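Reading through the structure tokens given below for one structure.
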Amino acid sequence: HGPDPVLQQRDQAQPALRRVKTSRRPARKAAAPESAGSNRPERAANRQERFVGTVIHEYLEQVSQRPELPAHIQAEEVETLRLRLEELGLWGATLESATGSVAEAIERTLGDARLGRWILSSAHAQAHSELPMTVVCEGKVQDIVIDRTFLDTDTGLRWVVDYKSSAPAQDVDLAAFFAEEAERYREQLRTYRDAVRTLGPEPVRCALYFTSLGALHPLPELDT
């Protein structure tokens, strides 16, 4: 189960919202540029990381819809993931490295009974993966896709979980990495929170789940 709730009064108006009426998913928002002193690994281009994240998201969406979660990723599934990465444009050593990263992240998530499997469980009420919504806030229309949201009936909390495939650079303090990632994605999660508040009266909790680390990092400042 998730951690005990820490509840705060809602202090912001809810945006008008409607479900997207098309099966086409909005494009994911690109990550913010790297800042000086970043705890994230430097890279000349983030194409490989973006594609790794895309394929992890696709697999977790698919597996969350199964009645029972598998204990491990199967060899034939790894091959399917490799072909998907190849389809996205990776090849050679980069393709093999990306395939390994995807398979490792998925295996870690499926092996994470306390968090990963809890997040993906089909037993949750009102569970959705890759949920498309359109929010209208301050006269501006924005399409969003929420990685995972569900109602934990044991605690009464509605969770919003955003998957992240990023990991800290070697020898970087983990707490500093989590703080940086929370800062980077706080406003995005605030938008997601305001969107799901229209789905029901339950208090909402937001968190980042790091698939390569098996770590859930809540953002209690967004609790409602």
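The values are calculated or read from the model by the stated rules, or taken from the named source; none is laboratory data. Not measured: the values here are computed from a predicted model. Because the Cβ atoms are built from the backbone with ideal geometry, glycine has one as well, and the counts that use them run over all protein chains shown. Remember, those area values only see protein heavy atoms, side chains included, never the ligands or the DNA or RNA. Shrake-Rupley method; radii C 1.70, N 1.55, O 1.52, S 1.80 Å.
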Could you please let me know if E77 is touching a helix residue (DSSP H, G or I) at 6+ places or on another chain (Cβ under 6 Å), modelled with pLDDT of 95 or more, of a type outside the set (V, I, T) and surrounded by 12 or more Cβ atoms within 10 Å (Cβ to Cβ)?
no
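Looking at the range 84-99, which of the residues that are open to solvent by 40 Å² or more (accessible area, probe 1.4 Å) and in a helix (DSSP H, G or I) is farthest from I56 (Cα to Cα)? Give the steps one after another, and end with the answer.
Step one: of the range 84-99, the residues open to solvent by 40 Å² or more (accessible area, probe 1.4 Å) are 84, 86-88, 91, 93-94, 96-97.
Within this subset, residues satisfying the condition of being in a helix (DSSP H, G or I) are 84, 86-88, 93-94, 96-97.
On the way: R84: 11, E86: 14, E87: 15, L88: 13, A93: 19, T94: 16, E96: 15, S97: 14 Å.
Here the residue is A93.
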Determine, yes or no, whether Q126 is surrounded by fewer than 20 Cβ atoms within 10 Å (Cβ to Cβ), in a strand (DSSP E or B) and either of a type in the set (D, E, K, R) or touching a Phe, Trp or Tyr at 6+ places or on another chain (Cβ under 8 Å) (or both).
yes
Can you pull out the residues in the range 188-224 that are within 20 Å of D112 (Cα to Cα), open to solvent by 40 Å² or more (accessible area, probe 1.4 Å) and not in a loop (DSSP other than H, G, I, E, B)?
H217, P218
Exactly one of these conditions fails for L151: (1) assigned to a helix (DSSP H, G or I); (2) farther than 28 Å from S101 by Cβ. Give me its number.
(1)
Criterion: under 24 Å from V102 (Cα atoms) and small (G, A, S) - qualifying residue of A127, A123
A127
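Of Y185, Y192, which residue is of a type in the set (S, T, Y), touching a Cys at 6+ places or on another chain (Cβ under 8 Å) and over 25 Å from E77 (Cα atoms)? Talk me through it step by step, then tell me what you get.
Working: Y185 fails: touching a Cys at 6+ places or on another chain (Cβ under 8 Å).
Testing whether each residue is of a type in the set (S, T, Y), touching a Cys at 6+ places or on another chain (Cβ under 8 Å) and over 25 Å from E77 (Cα atoms) leaves just Y192.
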All but one of (1) buried (at least 18 other Cβ atoms within 10 Å of the Cβ); (2) touching a residue at least 40 places away in the same chain (Cβ under 8 Å) hold for L131, so report the exception by its number.
(2)
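Identify, from the list E221, E138, E130, E180, the residue that is of a type in the set (D, E), out of contact with any helix residue (DSSP H, G or I) (no Cβ under 9 Å at 6 or more places or on another chain) and at pLDDT 95 or above. Even if it seems obvious, please write down each step before you answer.
Working: E221 fails: out of contact with any helix residue (DSSP H, G or I) (no Cβ under 9 Å at 6 or more places or on another chain); E138 fails: at pLDDT 95 or above; E130 fails: out of contact with any helix residue (DSSP H, G or I) (no Cβ under 9 Å at 6 or more places or on another chain).
Being of a type in the set (D, E), out of contact with any helix residue (DSSP H, G or I) (no Cβ under 9 Å at 6 or more places or on another chain) and at pLDDT 95 or above holds for just one of E221, E138, E130, E180, which is E180.
Going by the conditions given, is R114 charged (D, E, K, R) and in a helix (DSSP H, G or I)?
On the way: charged (D, E, K, R): yes; in a helix (DSSP H, G or I): no.
So R114 fails the test.
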Given the conditions (1) under 20 Å from R50 (Cα atoms); (2) assigned to a loop (DSSP other than H, G, I, E, B); (3) open to solvent by less than 40 Å² (accessible area, probe 1.4 Å), every one holds for Y185 apart from (2)
Can you name the residue in the range 139-166 that is open to solvent by 30 Å² or more (accessible area, probe 1.4 Å) and without any contact (Cβ under 8 Å) to a residue 60 or more places away in the chain and, of all such residues, is farthest from L60 (Cα to Cα)?
G139
